[in-house]
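Student: After the structure tokens below, expect a handful of questions from me.
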Amino acid sequence: MPEGHTIHRLAQDYAARFTGQGPVTVTSPQGKFSDAAALLDGSSLHTADAHGKHLFLGFRPTEWVHIHLGLFGKVAFGDAPAPPPTDTVRLRLANPAGYVDLRGPTTCALITDAEKQAVHDRLGPDPLRTGHHADPAAAYARVRRSRTTIAALLMDQKVIAGVGNVYRAEVLFRHRIDPYRPGRDITPAEWEAIWTDLVALMRQGVRDNRIDTVRPEHTPEAMGRPPRVDDHGGEVYVYRRAGRPCHICGGEIRTAGLAARNLFWCPACQRA
């Protein structure tokens, strides 16, 4: 499932292509969004907004397309002329300059301002937003009261929005925190460091459109090691490196199931 940096990048890309560019042709070749597409067709996109893993496309003052990609959703941009769409395209936006196709999302729904606000209200703070939707104290208030592991809390979108399996594993490694430590044992200083690091890492992820988490001294060039080859891209410390040596201590990276996802960590560097 895409992490928050991908959704914020998509919001930027939708905005660059369509906001302020006049009327948009809105269609649903697959047919599952046809009624809403017909209502929106010919209107203009005024805002592309992201909160955690949720994308909102604003048409007219109070109409929003709410998109959650889930496990299988894909977005593809292209320049005009747009090719004939396949019948797997849930939503196509097009204008004289280009088009974008959405396939396989978990959610693609036309919602009101109030319904959009309800989504925001159920999500935790997002390191990539500003204002009250990016308040680390609000997230820590939940963390410090919980006996749940910090690894599970970081994946709970009600606690912190946008963090997925990669950022969860990597930020805990970068701060030498045992993923099984209860949230209530995370100190204020540790939480501040985690949040600050997530803000920096996820902003870099938006800029580069990929996740890189290793510090300069641990890059392939600095260490004289081969670059990582993985369809997720980016240089990481522990994510999907189970059984391989830690870049720092040389110990074996481990994996285990936690909160319905695979957790990755270095037991030597992340001691209890």
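The values are calculated or read from the model by the stated rules, or taken from the named source; none is laboratory data. Everything numeric in this text was worked out from a predicted model, so none of it was measured. Cβ: placed from backbone, ideal geometry, glycine included. Neighbour counts: every protein chain shown. Areas reflect the complete protein model, heavy atoms only, side chains present, ligands, DNA and RNA absent. Shrake-Rupley method; radii C 1.70, N 1.55, O 1.52, S 1.80 Å.
Student: Do you know which residues across region 137-148 are outside any loop (DSSP other than H, G, I, E, B), surrounded by fewer than 19 Cβ atoms within 10 Å (Cβ to Cβ) and touching a residue at least 24 places away in the same chain (Cβ under 8 Å)?
Tutor: ARG142
Student: Would you pick out the residues in region 21-61 that are farther than 19 Å from VAL119 by Cα, among the aliphatic types (A, V, I, L, M) and in a strand (DSSP E or B)?
Tutor: Across region 21-61, the qualifying residues are VAL26, LEU45.
Student: To continue, here is another question. In region 241-259, which residues are modelled with pLDDT under 95 and either assigned to a loop (DSSP other than H, G, I, E, B) or in contact with a Pro (Cβ under 6 Å, 6 or more places away or on another chain) (or both)?
Tutor: Matches in region 241-259: ALA259 only.
Student: Please go through (1) without any contact (Cβ under 8 Å) to a residue 40 or more places away in the chain; (2) open to solvent by 50 Å² or more (accessible area, probe 1.4 Å); (3) of a type outside the set (D, E, K, R) for SER43 and return the number of the only condition it doesn't satisfy.
Tutor: All conditions pass for SER43, except number (2).
Student: Would you be able to tell me the number of residues in region 252-272 that are exposed (fewer than 13 other Cβ atoms within 10 Å of the Cβ) and in contact with a strand residue (DSSP E or B) (Cβ under 9 Å, 6 or more places away or on another chain)?
Tutor: Selection size over region 252-272: 2.
Student: Let me ask something additional. Can you list residue pairs whose Cβ atoms sit under 6 Å apart, with the first residue in region 196-211 being open to solvent by 60 Å² or more (accessible area, probe 1.4 Å) and the second being in a helix (DSSP H, G or I)? Count only pairs 6 or more apart in sequence or on different chains.
Tutor: From region 196-211, the pairs are ASN209/ARG9.
Student: Given the criterion in a strand (DSSP E or B) and either in contact with a Pro (Cβ under 7 Å, 6 or more places away or on another chain) or at pLDDT 95 or above (or both), identify the matching residue among LEU91, LEU128, LEU153.
Tutor: LEU91
Student: While we're looking at this one, here's another question. Only one of ASP101, ASP79, ASP87 is of a type in the set (D, E, K, R) and without any contact (Cβ under 8 Å) to a residue 24 or more places away in the chain; which?
Tutor: ASP79
Student: For region 186-195, does any single residue satisfy the condition of being farther than 28 Å from HIS247 by Cβ, surrounded by fewer than 18 Cβ atoms within 10 Å (Cβ to Cβ), of a type in the set (D, E, K, R) and at pLDDT 95 or above?
Tutor: no
Student: Six or more apart or on different chains, Cβ atoms under 9 Å: show the pairs whose first residue is in region 62-74 and in a loop (DSSP other than H, G, I, E, B) and whose second is among the small types (Gly, Ala, Ser) and surrounded by 13 or more Cβ atoms within 10 Å (Cβ to Cβ).
Tutor: If the second residue must be among the small types (Gly, Ala, Ser) and surrounded by 13 or more Cβ atoms within 10 Å (Cβ to Cβ), the pairs left are LEU69/GLY104; GLY70/GLY104; LEU71/GLY104; PHE72/GLY104; GLY73/GLY104.
Student: Against the definition (exposed (fewer than 13 other Cβ atoms within 10 Å of the Cβ) and farther than 22 Å from HIS54 by Cβ), how does THR86 come out, yes or no?
Tutor: yes
Student: When residues of region 99-125 are filtered for being closer than 29 Å to VAL89 by Cα and open to solvent by less than 30 Å² (accessible area, probe 1.4 Å), how many remain?
Tutor: 10
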